[in-house]
Amino acid sequence: MPGPGRNEPCPCGSGRKVKRCCGERRGPSEDRLARAHVAMLAREAASDLDGLSDRALHHLWEGLFDLPASDLSLLVTLPKLVGPDLQRLREAIEDDDPDWGWDALTAVARQIDTPQQRARLADALEQRMSAPAESLNSLLWGLGMKTSARNALRGLVERVKDGAVNAEVTLRIAEGVEITAVVTRESAGELGLVPGRQAIALIKSSFVILARGDSSLRTSARNQLAGEIVRREDGAVNSEISLAIDAGKTITATITRESAEALNLRVGDPVFALIKASHVILAVE
């Protein structure tokens, strides 16, 4: 049985209409709450950004566009229901039509760019900034450093094992996830690579080998990272495969398209990324 209309007397007996009594929405709307939350975070961030140079702010701004590639919590999910705008965007991407694609992208952005979505992204970014071993300075460093290596994974030096000529440096990039690099003892000394030091592991995508298997996979590659395929982009000759590993980090491999088809690599498949220790370059601030 339907309830009383908004213009009918309220059943509570107050004598007022439903829309002015029990049917009235009290308190701020979800949109207003989300906007207020983002404004509060912006005010808190202003004190951290105050005093940064224009160059540092420019690097920070440019780097924000690349963050979703390394932190999956910053990705925005497209609507599950494929409407006309989203269908136009897909067709524009398939046809490589930038003009039509921009119009379609603008229309889709209007649907997903809500105050609630902005608040969620702001919370995710704040969590990333306040995580252990993270700070505004380290984030600026990571965003501002330009390199040709496709993969840049930041972490803390866990162990350093010295040899006669080389040193084996193990970097913890996430809880339970480590990457080992072999560098000369001279380089390790010059970089100040000691346990607890923050560093970045640089790995060219062409140095990453993908393999199916389980934890008992035997290989000479020092680094074996388990992950799940989150993206596959095929070219005429090569395929670019991105894997999600722990703590929202990703690693990308470039392999031949023939190999990708032979391994039947699809989004959602679990695979291993194999990387020789000698193919890992370490960088410090």
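The values are calculated or read from the model by the stated rules, or taken from the named source; none is laboratory data. Not measured: the values here are computed from a predicted model. Please note: Cβ atoms are built from the backbone with ideal geometry, for glycine as well, and neighbour counts cover all protein chains shown. Heads up: the accessible areas ignore ligands, DNA and RNA and are worked out on the full protein's heavy atoms, side chains in. Shrake-Rupley method; radii C 1.70, N 1.55, O 1.52, S 1.80 Å.
Once the chain from Lys161 to Glu175 is taken as fully extended at 0.36 nm per residue, the excess over their C-alpha distance is 3.0 nm. Run a plain Debye calculation on the range 162-224 (Cα atoms as equal point scatterers, no solvent) and give log10 I(q)/I(0) at q = 0.26 Å⁻¹, rounded to two decimals, same order as the q list. Results for the range 162-224 at q = 0.26 Å⁻¹ read -1.26. The average projected area of the range 221-285, computed from the convex hull of its Cα atoms over all directions, is 5.4 nm². Heavy-atom accessible surface of the range 176-273, averaged per residue, reaches 52 Å², computed with a 1.4 Å probe.
Counted residue by residue at 0.36 nm each, then reduced by the alpha carbon distance between them, the extension gain from Thr106 to Ser187 reaches 24.3 nm.
Taking Cα centroids, how far is the range 157-183 from the range 220-261 in Å? The distance from the Cα centre of the range 157-183 to that of the range 220-261 comes to 23 Å. Between the beta carbons of Ser278 and Asp96, assuming R0 = 41 Å, the FRET efficiency works out to 0.60 to the nearest 0.05. For Arg257, the shell of other residues with beta-carbons less than 11 Å away shows a net charge of -4, using +1 for Lys and Arg and -1 for Asp and Glu.
For the range 163-285, dividing the convex hull volume of the Cα atoms by the residue count gives 123 Å³ per residue.
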